[in-house]
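What follows is a short report on a single structure.
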Amino acid sequence: MVTSYHFTARSSNKKTGPIAVTTTSSDSCPQTCPFNNGGGCYAASGPLALHWRAVDRGERGGDWLHLSRAVADAKLPAGSLVRVNQAGDLPHIEGRINSVIVSHLADIFIGNKLRPFTYTHHLQNIDNLAIIKGCNDGGFTVNLSCESEAQASKRHREGFPTVCVVRSDDQRRSWTDADGVRFQTCPAQLKDGVTCQTCQLCTRAGDDRHCVVAFRSHGTGKRRIDAAL
């Protein structure tokens, strides 16, 4: 399967708000992701899943060159947000993030003066972390999706923009762990009307990122996720 990318200039996704988004075919998702293969991935059900399957089948989107043309043709205003991979992950080769293609993807967005951000569940090994650090240093914000609060705290202290999942019934809004790392529950899960467009917390990296973002498990797979936490 060849990794495919679909670009939407104005999303109807209620979580993101009406910003640009991309969808990447499911072969980009690491097999090591705990939410893959029926583990509760939110993108694997509902309307987004229908779109994602169409990208998988090659009915929508194309290779990264197709994506490049689609982004350029959209002529979005400078500074516009792009939620990269509303479904899917960074392209890889047997679990190692493909630095060449990721560099091309970053150039597509940054070259058009856009502000890309995404999340990755790839293994946090030395090679992948080096690639992710390069993305963040270069203006493509890649949040590390962590499996526990302890892991998220560690990566935050290392300077990575970091997120983690907590149980769906977790009522905390913000808290600080024993290492002094602040956690903030996703503002969109705390107040109606908040979207990625209005919040932009996950777009921040480096010294501008002062907390780990915690997402309460949601979607049809939240019970499976809760059971695993």
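Observations on the structure shown:
- Test result for Leu105, open to solvent by less than 30 Å² (accessible area, probe 1.4 Å) and part of a helix (DSSP H, G or I): yes
- The stretch 186-214, subset basic (Lys, Arg) and open to solvent by 60 Å² or more (accessible area, probe 1.4 Å), residue modelled with the highest pLDDT: Arg204
- Each residue in the stretch 116-130 was checked for being hydrophobic (A, V, I, L, M, F, W, C), open to solvent by less than 10 Å² (accessible area, probe 1.4 Å) and without any contact (Cβ under 8 Å) to a residue 60 or more places away in the chain, and 0 pass.
- Residue, farthest from Ser217 (Cα to Cα), within the stretch 32-62, restricted to residues that are outside any helix (DSSP H, G or I) and open to solvent by 70 Å² or more (accessible area, probe 1.4 Å): Glu59
- Criterion violated by Asp27 - all others in (1) open to solvent by 50 Å² or more (accessible area, probe 1.4 Å); (2) among the acidic types (Asp, Glu); (3) part of a helix (DSSP H, G or I) satisfied: (1)
- Matching residues in the stretch 131-185 - criterion: being polar (S, T, N, Q) and surrounded by 15 or more Cβ atoms within 10 Å (Cβ to Cβ): Asn136, Thr141, Asn143, Ser145, Gln151, Ser153, Thr162, Ser168, Gln184, Thr185
- Residues (modelled with pLDDT of 90 or more, within 19 Å of Cys196 (Cα to Cα) and not hydroxyl-bearing (Ser, Thr, Tyr)) located in the stretch 15-47: Lys15, Gly17, Pro18, Ile19, Ala20, Val21
- Scan of the stretch 63-82 for residues that are open to solvent by less than 70 Å² (accessible area, probe 1.4 Å) and either in contact with a His (Cβ under 9 Å, 6 or more places away or on another chain) or part of a helix (DSSP H, G or I) (or both), ordered by number: His66, Leu67, Ser68, Ala70, Val71, Ala72, Ala74
- Helices (runs of 4 or more DSSP H) (entirely within the stretch 136-228) containing at least 3 residues that are under 17 Å from the mean Cα position of the chain (by Cα): 149-157, 196-199
- Within the stretch 86-115, residues that are touching a residue at least 40 places away in the same chain (Cβ under 8 Å) sit with their Cβ atoms under 7 Å from residues that are loosely packed, with under 14 Cβ neighbours inside 10 Å and aliphatic (A, V, I, L, M), at 6+ positions apart or across chains, in these pairs: Asn112/Ala72.
The values are calculated or read from the model by the stated rules, or taken from the named source; none is laboratory data. For clarity, every value in this text was computed on a predicted model and none was experimentally measured. Here Cβ is always computed from backbone atoms with ideal geometry, including for glycine, and neighbour counts include all displayed protein chains. Each accessible area value is taken on the protein alone, full model and side chains, heavy atoms only, with ligands, DNA and RNA left out. Shrake-Rupley method; radii C 1.70, N 1.55, O 1.52, S 1.80 Å.
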